[in-house]
1. Quick check on my filter: what residues within region 209-262 are of a type in the set (K, R) and closer than 18 Å to L313 by Cβ?
2. Quick one: how many residues across region 388-408 are within 17 Å of H335 (Cβ to Cβ), in contact (Cβ under 8 Å) with a residue 24 or more places away in the chain and open to solvent by 50 Å² or more (accessible area, probe 1.4 Å)?
3. Please find, among V269, V288, V299, V241, the residue that is over 30 Å from T84 (Cβ atoms) and in contact (Cβ under 8 Å) with a residue 12 or more places away in the chain.
4. Mind counting the residues in region 171-188 that are more than 13 Å from P143 (Cβ to Cβ) and not in a loop (DSSP other than H, G, I, E, B)?
5. The conditions are (1) free of Cβ contacts under 8 Å to residues at least 24 places away in the same chain; (2) under 21 Å from A86 (Cβ atoms), and G261 fails exactly one of them. Which is it?
6. Please verify whether N357 is open to solvent by 10 Å² or more (accessible area, probe 1.4 Å) and closer than 24 Å to D79 by Cα, treating the condition exactly as stated.
7. Within region 237-257, is there a residue that is in a helix (DSSP H, G or I) and not basic (K, R)?
Amino acid sequence: MGSSSKLLEDVKQHLCTCAAGLKLTPDMEAFLEMPMRELYVSLPVHMDDGSIKVFKGFRVQYNEALGPTKGGIRFHPEDTMETTRALAALMTWKCALHKLPLGGAKGGVICNPKELSHREIERLSRAYIRGIYQIIGPDRDIPAPDVYTNPQVMAWMMDEYSKLAGKNVFGSITGKPTSLGGSAGRYDATARGGLYAIREAAEKLGINLKASRVAVHGFGNVGYHAAYLAKKLFGCKVVAVSDSKGAIFSANGLDPEDVSGYKHSTGSVLDYPGAENLTNEELLELDVEILIPASLENVITERNAVRVKTRILAEMANGPTTVEGEAILNSNGVHIIPDILCNGGGVIVSYFEMVQNQSSTQWEEGKIQSRLERQMKEAYNSVYDFASKNNVNMRQAAYTLAVGRVVEAMQLRGWI
């Protein structure tokens, strides 16, 4: 089974696990396992050499019972519709868990941005919006950045949507630069929200964060900010980070800002002065208090879970742990902060951006961080309390709460 198929099957299995507790009928469960809407698009793009290359893209709107759908856009060479479908489902449950008036969506384009020029990425971004324009908008579906997309890409996409609409529609896209209606605090929101959840978990488990070692798998935007904030906010010692080419380790701790500068100049964290090179697999098996998967899905499986030694696994990536891997971690006493809980900060602040766009205001960063902290704390404790009272694991608790809210909305609407 491919990684994209595996992620989709795991998401469905998580849904099935909570179905009994929610007393879902087979028909209701079948409804929840299928996206409400999917769109494939072909995107012809003029390349810098004068040729025309056709890229394949998609958008999945999984469930809109709670409100307009919301979800990121990936530019990745290995993206698939199955991955997009699974991520749209995760976004549905994530929005519901964090009590946002939003449904879940996801989009993607099969491409390798590292092989495209700045202008080619702009043309591709605009072509994608033209392809999906009919099914998106502030009251329908609001895209955001994801893997290999960023505020500049979101600016191009917002501008293209506005051209097609014949007016400025800042609220059509989130994750924009602040000068174009973006929100302060969006750049580190996913990591910051995850760190607030880690703080709550550490308090429950009696872990001293200042004495804790942290390893971060994936050193992109989320991974960098997770490492930086773990050290800055809580005084943790960041001992290892990795990118697609490999990992580095230092028992004395790493300076995330300096490592980021080194990666920017060399293209990788490998061979960082004073650190030992490791494989990505070896990083996952380090003896640390906190392990943060912040890359792609399916990195902790039944093959390596038995060697994972962390006390807290904070899933800042989507779907980093397979069902089989999770069973091993749970049996070994690892405290998992599941993805739909841990990485909710990004969509929470995206929602704040939507609210600001609708009211033509901009909030101060302190207000955004304070509200984010409050929502993450509330969400973590609701999941933890449910898990404790019902003797279930954290993921089952998170799914049961989230799916229950979507089901209630569907029942009130008369859909089921």
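The values are calculated or read from the model by the stated rules, or taken from the named source; none is laboratory data. All figures in this text were calculated on a predicted structure; none of them were measured in a lab. Virtual Cβ from ideal backbone geometry, glycine too; neighbours counted across all protein chains shown. Surface areas here come from the heavy atoms of the whole protein model, side chains and all, with no ligands, DNA or RNA. Shrake-Rupley method; radii C 1.70, N 1.55, O 1.52, S 1.80 Å.
1. Of the residues in region 209-262, the ones of a type in the set (K, R) are 210, 213, 231-232, 237, 245.
Residues satisfying the conditions are R213, K237.
2. Going through region 388-408 one residue at a time, the tally reaches 3.
3. Exactly one of V269, V288, V299, V241 is over 30 Å from T84 (Cβ atoms) and in contact (Cβ under 8 Å) with a residue 12 or more places away in the chain, namely V288.
4. Residues of region 171-188 that are more than 13 Å from P143 (Cβ to Cβ), as a first pass: 177-188.
With the extra rule that they be not in a loop (DSSP other than H, G, I, E, B), the set shrinks to 178-180.
Number of matching residues: 3.
5. The failed condition is (2).
6. no
7. First, the residues of region 237-257 that are in a helix (DSSP H, G or I): 256-257.
Next cut, not basic (K, R) only: 256-257.
Yes, region 237-257 has at least one match.
The rows are residues; the columns are (1) out of contact with any Leu (no Cβ under 9 Å at 6 or more places or on another chain); (2) modelled with pLDDT of 95 or more; (3) not acidic (D, E).
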position	(1), (2), (3)
D141	yes, yes, no
V147	no, no, yes
Q152	yes, yes, yes
K167	yes, yes, yes
K176	yes, yes, yes
V214	no, yes, yes
G218	no, yes, yes
